[in-house]
1. Would you mind getting me the FRET efficiency between Lys381 and Trp282? Use the beta-carbon distance for r and R0 = 45 Å, nearest 0.05.
2. Can you give the local net charge around Val374? Use residues other than it whose beta-carbon is closer than 15 angstrom to its beta-carbon, Lys and Arg +1, Asp and Glu -1.
3. Can you tell me how much longer the chain between Asp43 and Phe304 gets when fully stretched, taken as 0.36 nm per residue apart minus their C-alpha distance, in nm with one decimal?
4. Can you tell which of Val74, Val319, Val271 shows the greatest fluctuation in a Gaussian network model of the chain with Cα springs below 10 Å?
5. With only alpha-carbon atoms counted, please give the Rg and Dmax of the stretch 262-317, in Å.
6. Most fluctuating residue of Gly195, Gly86, Gly348 in a GNM of the chain with Cα springs under 10 Å: which is it?
7. Using Cα-Cα distances under 8 Å and only pairs 6 or more residues apart, what relative contact order does the stretch 10-124 have, in percent?
8. Just need the relative contact order of the chain here, percent rounded to a whole number, with Cα pairs under 8 Å and 6+ apart.
Amino acid sequence: MPNDSIYVTPEHELLRDQIGRFIAKEVEPHGAAWEEAGCVPRDVLRRMGEAGLFGLMYEEQYGGASSDALTNLVFAEALSQSTFAGFIITVLVHTDMASPHLHHAGNAAQKGKYLSRVVSGELITAVGITEPGAGSDVSGIRTTARREKSGDGDEWVINGTKMFITNGVHADLYFVAAKTGPGKRDMSMFIVDKGTPGFSVGRALKKSGWLSSDTAELIFENVRIPAGNLLGEEGKGFYSVMKNFQTERIALGAMAVGHCQQALRLTLDYVRQRQAFGGPLWDQQTIRQRLSMLDAKTRAARQFMYHCAWRVTQGHDIVQDVSMLKALTGELVNEVVQTCQQFHGGMGYMRETPIERLWRDARVLAIGGGATEVMLEEVAKRY
């Protein structure tokens with residue numbers, strides 16, 4: 001996508017080009033094998049960290065770049081130059097959904113212990129919020145954490161189950177939400193290291209799409225962690241989750257818009273070459289007009305997305321805006337990708353085609369990170 005936005009700088013374009021080169025060399029030739037394996041190789045993620053791509057918005061003292069929300073959006077959108085969404089979400093969970101909890105709420109000791117290793121890609125992160133009975137309804141979680149005294153000092157003891165956790169199998173560091181009081185929103189966030197006794201992966205989950213990202217059920221059975229692993233203030237975890245949702249939903253919006261752009265590019269190429277009814281499919285008026293309208297919607301959504309990120313840089317509360325963005329782009333990407341797949345005919349249903357992969361990967365973007373219906377209620381309650 002050329003520099004056609006008032007929000008984008010030459011430095012942003014250099015970042016976009018850097019990511020594009022990485023994807024062309026390191027991702028697209030190998031993505032199909034990763035889908036078979038069910039995960040992205042760690043050495044690939046480590047190289048991204050070494051290239052400075054995992055800490056754009058984090059402090060320079062930890063290896064980050066202290067960049068703003070617009071730069072972070074360019075990063076997320078640039079990742080969507082890949083047609084392998086499992087790779088994209090593996091990265092975005094690490095950079096935009098899990099590790100921001102440490103960035104925003106971590107104290108100096110916690111950041112000193114973990115953040116440099118997160119930025120370098122030595123540690124990959126996951127966030128444990130969703131549960132079998134609590135998805136978009138964050139206040140409905142049942143996992144608990146109680147404080148106990150032991151011979152080693154104060155500890156937190158965590159019990160419960162988390163579900164649909166991206167990076168859940170292969171992560172090294174988990175940020176986990178748990179109830180710490182009787183109130184509906186009395187929850188706190190905790191740091192849990194892989195290998196902590198009582199903490200295990202219940203099972204790896206098989207999904208319709210995002211095949212190269214690992215997704216898991218996580219089990220916590222009397223998991224004891226030091227009192228110092230409380231992340232932020234006790235009882236304030238709900239608000240921490242809500243704050244981080246802003247970053248997450250912009251990233252997911254970028255992923256959706258990127259899928260729209262890729263699908264339209266692939267389909268424009270296809271219909272210009274595919275011969276049917278005495279000429280290329282592009283000669284059919286209905287195809288030209290439908291693709292034109294979908295492109296118009298995509299461009300409008302993209303500008304709204306950049307405006308949301310700009311408002312973050314200005315310090316505005318954008319909960320309503322970003323909820324609109326998530327609902328809008330989650331529905332739009334499904335409309336665009338399904339139409340583009342339809343215009344590919346039978347080939348669009350074949351596993352070896354990028355449009356089929358985009359079709360199955362796009363579906364979850366209207367569900368994960370806040371279902372469309374929940375997002376629209378967040379919009380409506382703020383009128």
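Since every read-out is calculated from the coordinates, none of them should be taken as a lab result. Since we're looking at a predicted model, the values are computed, not measured. Backbone-built Cβ (ideal geometry, glycine too); neighbour counts: all protein chains shown.
1. It comes out at approximately 0.50.
2. So the surrounding residues net to -2.
3. Contour length minus Cα-Cα distance gives 90.4 nm.
4. Between Val74, Val319, Val271, it is Val271 that shows the largest mean-square fluctuation.
5. 16.9, 57
6. Highest fluctuation among the options: Gly195.
7. 34
8. 17
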